[in-house]
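Here's the structure we're looking at; comments come further down.
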Amino acid sequence: MKIKTVMVAGAGQMGSGIAQVCAMHGYAVILHDLKEEFVERGRQAIAGQLQKLVKKRRIAVTDMEQYLGRIHSSVQLKNAQKADIVIEAAVENIEIKKNLFAQLDELAAEHTILATNTSSLPITEIAAATKRSEKVIGMHFMNPVPVMKLVEIIRGLATAEDVYRLVREMAVSLEKTPVEVNDFPGFVSNRILMPMINEAIYTVYEGVASPEDVDQVMKLGMNHPMGPLALADFIGLDTCLSIMETLHSGFGDDKYRPCPLLRKYVKAGWLGKKTGRGFYTYD
Ligand code: CAA
């Protein structure tokens, strides 16, 4: 089998980034979400990113038009039938993902691979919601998808070898570097990144330093491109909290306890860049 058509289920920050990269590398893309306005917002974000590349003279206007022409909008999940692979990029909620995978299993063609871009939820459990667990796999992209080179590829307990190979080949075709990871909470990326972000939030919570100073320490002292609190705002504080909760419950160890300040911000609706306020404010 050759992967030619990709459905990206979820047109948010990650989904639109994945759709953009797939379209730029020759795949036909079905960009799916629950409502037309969500899909349209994703398309606008992609168009905006491509326009920036045109301005920088990295791509021609005709390239941009070709890439956008490869992206088809969808609000009907049954369009999954046309896809060789579905990459799910919905919210980080195990019940929502299990429900979505059960539906995709019913609707997609027999050969279709069902991949999830989950940042920490168990692939094996998501796979168990389908009758094709050998075709379910984790394909975890990093944000911003067009820039970041890594894709973690996570096998569930039953993932077939040829499915792993096809997904790995696809990641390479997208000019990403795949890294194979086993199905443990947070995989590798978030098991290491999120406790650092959580600890940065604790330092603010305990009055050790201001958010600006915490970020300055990590940028100037450790050469991180962004401080952990700016990065948390960028990822989304709701996503950070749900990943910490997955680590906390998955390992049963208090070292992963989400900082109360993180919980408070999420309850306040201060979710970071996407809502205009997190540890910083945004226009
Ligand atoms: N989409 C597409 N391209 C973007 C972008 C975006 N959202 N943001 C920045 N870029 C591009 C810029 O256009 C620029 O491209 P060129 O160099 O080709 O001109 C390049 O990235 C650098 O951007 P800037 O000069 O504006 O700013 P910067 O040098 O500070 O880089 C950054 C921005 C790439 C985001 C950098 O700050 C960085 O690497 N930050 C850390 C990102 C990170 O850690 N991501 C992982 C998050 S964790 C995750 O995603 C997993 C999870 O499950 C939660």
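Could you name every one of the helices (runs of 4 or more DSSP H) located completely within the range 27-137 that has at least 3 residues being farther than 29 Å from R165 by Cβ?
Ranges flagged: 36-55, 61-69.
Restricted to the range 255-277, and to residues that are among the aliphatic types (A, V, I, L, M) and buried (at least 20 other Cβ atoms within 10 Å of the Cβ), which residue is nearest to V208 (Cα to Cα)?
L262
Can you say whether T203 is polar (S, T, N, Q) and in contact (Cβ under 8 Å) with a residue 12 or more places away in the chain, as far as the supplied structure shows?
Here the answer is no, as T203 does not meet what is asked.
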> Within the range 43-80, which residues are open to solvent by 80 Å² or more (accessible area, probe 1.4 Å) and within 12 Å of H32 (Cβ to Cβ)?
Replying inline: H72, Q76, K78
>> Conditions first: (1) within 9 Å of the ligand (Cβ to nearest atom); (2) surrounded by fewer than 17 Cβ atoms within 10 Å (Cβ to Cβ). K219 passes all but one, so which condition is the exception?
In response: (1)
> Which residues, counting only those in the range 229-281, are small (G, A, S), in contact with a helix residue (DSSP H, G or I) (Cβ under 8 Å, 6 or more places away or on another chain) and within 12 Å of the ligand (Cβ to nearest atom)?
Replying inline: A230, A232, G236, G272
> Restricting attention to the range 148-172, which residues are buried (at least 16 other Cβ atoms within 10 Å of the Cβ) and within 16 Å of the ligand (Cβ to nearest atom)?
Replying inline: V151, E152, I153, I154, A171
> Scanning the range 138-147 for residues that are among the hydrophobic types (A, V, I, L, M, F, W, C) and surrounded by 15 or more Cβ atoms within 10 Å (Cβ to Cβ), which turns out farthest from the ligand (Cβ to nearest atom)?
Replying inline: M139
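The rows are residues; the columns are (1) part of a helix (DSSP H, G or I); (2) assigned by the TED database to the domain that holds R257; (3) within 22 Å of G12 (Cα to Cα).
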{"position": "P146", "(1), (2), (3)": "no, no, yes"}
{"position": "L157", "(1), (2), (3)": "no, no, no"}
{"position": "E175", "(1), (2), (3)": "no, no, yes"}
{"position": "G207", "(1), (2), (3)": "no, yes, no"}
> For the subset of the range 120-137 comprising residues that are open to solvent by less than 10 Å² (accessible area, probe 1.4 Å) and within 15 Å of the ligand (Cβ to nearest atom), which member is modelled with the highest pLDDT?
Replying inline: I123
>> If I filter the range 177-200 down to residues being among the aliphatic types (A, V, I, L, M), assigned to a helix (DSSP H, G or I) and open to solvent by 30 Å² or more (accessible area, probe 1.4 Å), which single residue comes out as nearest to the ligand (Cβ to nearest atom)?
In response: L193
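The values are calculated or read from the model by the stated rules, or taken from the named source; none is laboratory data. Not measured: the values here are computed from a predicted model. Here Cβ is always computed from backbone atoms with ideal geometry, including for glycine, and neighbour counts include all displayed protein chains. Areas reflect the complete protein model, heavy atoms only, side chains present, ligands, DNA and RNA absent. Shrake-Rupley method; radii C 1.70, N 1.55, O 1.52, S 1.80 Å.
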